[in-house]
Amino acid sequence: MATVFQGLGATAAITAAANPLDSNKFLLSSRRSFSGKKTSLVVVRSDGSLNLNTGSSAGARRLDQLVTNAVATKADAAAAASASKPGHELLLYEALREGLEEEMDRDNRVCVMGEDVGHYGGSYKVTRGLADKFGDLRVLDTPIAENAFTGMGIGAAMTGLRPIVEGMNMGFLLLAFNQISNNCGMLHYTSGGQFTIPIVIRGPGGVGRQLGAEHSQRLESYFQSIPGIQMVACSTPYNAKGLMKAAIRSENPVILFEHVLLYNLKERIPDEEYICNLEEAEMVRPGEHITILTYSRMRYHVMQAAKTLVNKGYDPEVIDIRSLKPFDLHTIGNSVKKTHRVLIVEECMRTGGIGASLTAAINENFIDYLDAPIVCLSSQDVPTPYAGTLEEFTIVQPAQIVTAVEQLCQ
Amino acid sequence: MALSHLSSTRSNRLLRPLAAAASSLCRPISTSTEPLVIETSIPFTPHKCEPPSRSVETNPQELLTFFRDMATMRRMEIAADSLYKAKLIRGFCHLYDGQEAVCVGMEASINKKDCIITAYRDHCTFLGRGGTLLEIFSELMGRQGGCSKGKGGSMHFYKKESGFYGGHGIVGAQVPLGCGLAFAQKYNKDENVTFALYGDGAANQGQLFEALNISALWDLPIILVCENNHCKDVNLFLLLDFLRLFFTLLLLWNRVLNGWLFGRWHGHC
């Protein structure tokens, strides 16, 4: 069953406790208590090795199990791999492609434009096979002119098309900053509401494996001030597909942040059509002692740290905020009211990053519920070095998260 | 125009014979719809294409509507200038007086399904696309009745239903948007074109050349119009003005000096 989610109007995009529509909440809560559904988590460790674990799904009735086991035991893992489980298993880039393909089938106005998206299939294989299926005009290979083709996407969106502009790396979209800020973000307002810009701008960003400073940028901090746009960050195949579909259906311009290192995550997702709410945060692991807010790749560092913390006797509540603009202060606020301690773990730079804004928002709204100052762990304010060891030092590692939680929970 | 008004005033017995005489002196303007073929004076310089024909078919009535529209636009721009100097229009106010023929001529050959997008010198283009003077002046003065509800200002006039896409403040940024409009027309298989207007300043912008490249690559139905009003060359004229001022002052000083040295003033005391 498919529902259509209408995003908040651009001029009303405020970070106050924006309650999602009742029907949406009902849908999502029913999904969470979907019996038998287990999400498979692939934990990417900082030294590059992969750990296939099955994490427990978020359900209030399973709280007592979760305190002792941050990850499922061997028996659960065996059950999860059985063929009788509903849904199908795929990688994150395949989930993105599935979402994209379903939306392109559903609506003729949806088109993709970007560098190498057509015949090459996308630099991260997200659009593989789509050019053969939908034709050259719907999956458009652009020349290397970000400013021009982003502007082109925005102009096409003004007439009613629903383009998806792919930046080969988010960092390249800096060249299109004028178009994104002035035209994409502001046209709805400066035209007095005449035009909506239903564009999706997506691409991989974040720190990868020794890609160098210019290809390891986190643009969410630069874009967050632009009035009129929405930003979401996906972290699992489930929410990648859901957010992609919701972003395409939204009438607002949405920037979807993916991460270079998360494209090969494997997870089992439902067969039936679903959408994730663009403005809602995801409860990854309920807890009692401290709220850890994170997004994108840092979610996996946090979950790895959570394993260690559980062994040490702490009970962290992990929330993947997903919606970077506006923040889901409803979910976050409820969590703060429960735990009274907040740790923000992000990959953005320390100065002016998402964590800085989130700290300010929580302090403004929930200062009375905090027992300790908010701690924000972010990347160092340096260009990302090429050398692997140095690169590891610039981003937040699980050990730092464990230390921070221990300090906060004293 | 004043004469025709005079001749139409009612029951003014004193002026009636005067008015009758005046109307006979008034030169009549033809409103016939007989086709008239006009040859434009300056030849086109083509580059890798066939130049369009220099003969344009029109009729006196249409020419009269052109004149009326251009005259309205001129008066509107002059009024906007006065309002700006009276600080009733704030911020920026870029005027199109002198260039009215460009947008009027363009409008004459297209329909409302064709798209026009331009930069910030958009008052007359908006009027040509079907905007009203009330909408224009309301927007310029920041009122709700403006075309963008007072939220845009001089540089952000839009009219979606007539295919006018603005109205953009950043030099050159409207040209890639124009490519997007043309792309959408090609995508939807509309038999329409997009006009993307820019100025001599925007001709320096990299995004213009990117847009030209993209338009050629995908054969987009776009016509890029460069309106060279030499606004970019403001520095040259400013320099000439300063030179003129300097020499005027020099002459004045020369006269003062002569007057004092040779005592010509003594005769006047």
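The values are calculated or read from the model by the stated rules, or taken from the named source; none is laboratory data. It should be emphasised that the depicted structure is a prediction, and the values quoted were computed from it without experimental measurement. Note that each Cβ is placed from the backbone with ideal geometry, even for glycine, and that neighbours are counted across all protein chains shown. To get the accessible areas, we keep the full protein, side chains included, count just its heavy atoms, and leave off ligands, DNA and RNA. Shrake-Rupley method; radii C 1.70, N 1.55, O 1.52, S 1.80 Å.
General remarks:
- Karplus 3J(HN,Hα) series, Hz, for the stretch B:148-162 with 6.51 cos²θ - 1.76 cosθ + 1.60 (x for Gly, Pro): 10, 6, x, 8, x, x, 4, 8, 10, 9, 9, 9, 4, 5, 9
- Förster-model FRET efficiency, 60 Å R0, B:Glu50 and A:Asp381, C-beta, rounded to 0.05: 0.55
- In this structure, the amide hydrogen of A:Arg285, modeled 1.01 Å from its nitrogen in the peptide plane, lies closer than 5 angstrom to those of A:Val318, counting only residues at least 5 positions away or on a different chain.
- Of all accessible heavy-atom area on chain B, the percent that carbon and sulfur account for (1.4 Å): 60 percent
- Net charge of neighbours whose Cβ lies under 13 Å from the Cβ of B:Pro176, counting Lys and Arg as +1 and Asp and Glu as -1: -2
- Leading residue at positive end of dipole, the stretch A:86-180 (Cβ point charges), from A:Gly118, A:Gly171, A:Gly155: A:Gly155
- Summary of the geometry: the stretch A:365-410 and the stretch A:208-287, compared by the centres of their Cα atoms, lie 21 Å apart.
- Reciprocal mean inverse distance between Cα atoms of the stretch A:128-172 - Kirkwood radius, Å: 11.5 Å
- Accessible area per residue was computed with a 1.4 Å probe on protein heavy atoms; A:Met168 scores about 50 Å².
- Approximating the spin labels as points 7 Å out from Cα along Cα→Cβ, the B:Glu39-to-B:Ser109 distance works out to 1.9 nm.
- Calculated FRET value between A:Asp136 and A:Ala213, using beta carbons and R₀ = 35 Å, to 0.05: 0.50
- Environment charge at B:Lys85 (Cβ cut-off 15 Å; Lys +1, Arg +1, Asp -1, Glu -1): -1
- Once all protein chains are placed together, A:His259 keeps about 10 Å² accessible to a 1.4 angstrom probe.
- Expected-Rg normalisation [2.2 N^0.38 Å, Cα atoms] applied to chain B: 1.36
- Amide H partners (placed H, <5 Å) of A:Glu279, local residues excluded: none
- Computed E for B:Leu18/B:Arg68 - FRET, C-beta separation, R0 22 angstrom, nearest 0.05: 0.25
- Neighbours of B:Gln61 by Cβ distance under 14 Å: Lys/Arg scored +1, Asp/Glu scored -1, total -3.
- For the stretch B:74-143, the list of GluC sites (Glu not before Pro) that fall in a loop by DSSP and count at most 15 other C-beta atoms within 10 angstrom is empty.
- Accessible area buried at the B-A interface, both sides summed, 1.4 Å probe (Å², nearest 100): 2700 Å²
- Whole-percent P(r), the stretch A:257-410, all Cα pairs, 10 Å bins from 0: 10, 40, 35, 13, 1.
- Accessible-area composition of the stretch A:181-239, carbon plus sulfur, in percent [1.4 Å probe]: 52 percent
- Gyration tensor (Cα) of the stretch B:117-269, equivalent ellipsoid semi-axes in angstrom: 50, 22, 10
- The stretch between B:Arg143 and B:Lys160 holds 4.2 nm of extra length on full extension. This uses 0.36 nm per residue minus the Cα-Cα distance.
- Approximate spin-label separation B:His94-B:Thr132, in nm, with each point projected 7 Å along Cα-to-Cβ: 2.7 nm
- Cut-off under 5 Å, modelled amide H: who pairs with A:Val112 long-range: A:Val139, A:Leu140, A:Ile164
- Estimated inter-spin distance, A:Thr389 and A:Glu251, nm [label 7 Å along Cα→Cβ]: 5.7 nm
- Table column - 3J(HN,Hα) (Hz), the stretch A:179-195, Karplus curve with 6.51, -1.76, 1.60, x for Gly and Pro: 5, 5, 6, 7, 8, 4, x, 9, 4, 4, 7, 5, 8, x, x, 5, 10
- Integer Hz, Karplus 6.51/-1.76/1.60 couplings in order for the stretch A:300-313, x for Gly and Pro: 6, 4, 5, 5, 5, 5, 4, 4, 5, 5, 5, 4, 8, x
- Global geometry of the stretch B:174-232, whether rounded, prolate or oblate, following the gyration tensor of its Cα atoms and the 1.5 cut on a/c: prolate
- In this structure chain B gives 63 Å² per residue of accessible area when probed at 1.4 Å with all protein chains present.
- The trypsin sites (Lys or Arg not before Pro) found in the stretch A:173-220 that occupy coil by DSSP, while having at most 16 further C-beta atoms within 10 Å, are A:Arg209.
- A simple charge model with +1 on the Cβ of Lys and Arg, -1 on the Cβ of Asp and Glu and nothing else charged puts the dipole of the stretch A:141-243 at about 240 debye relative to its Cα centre.
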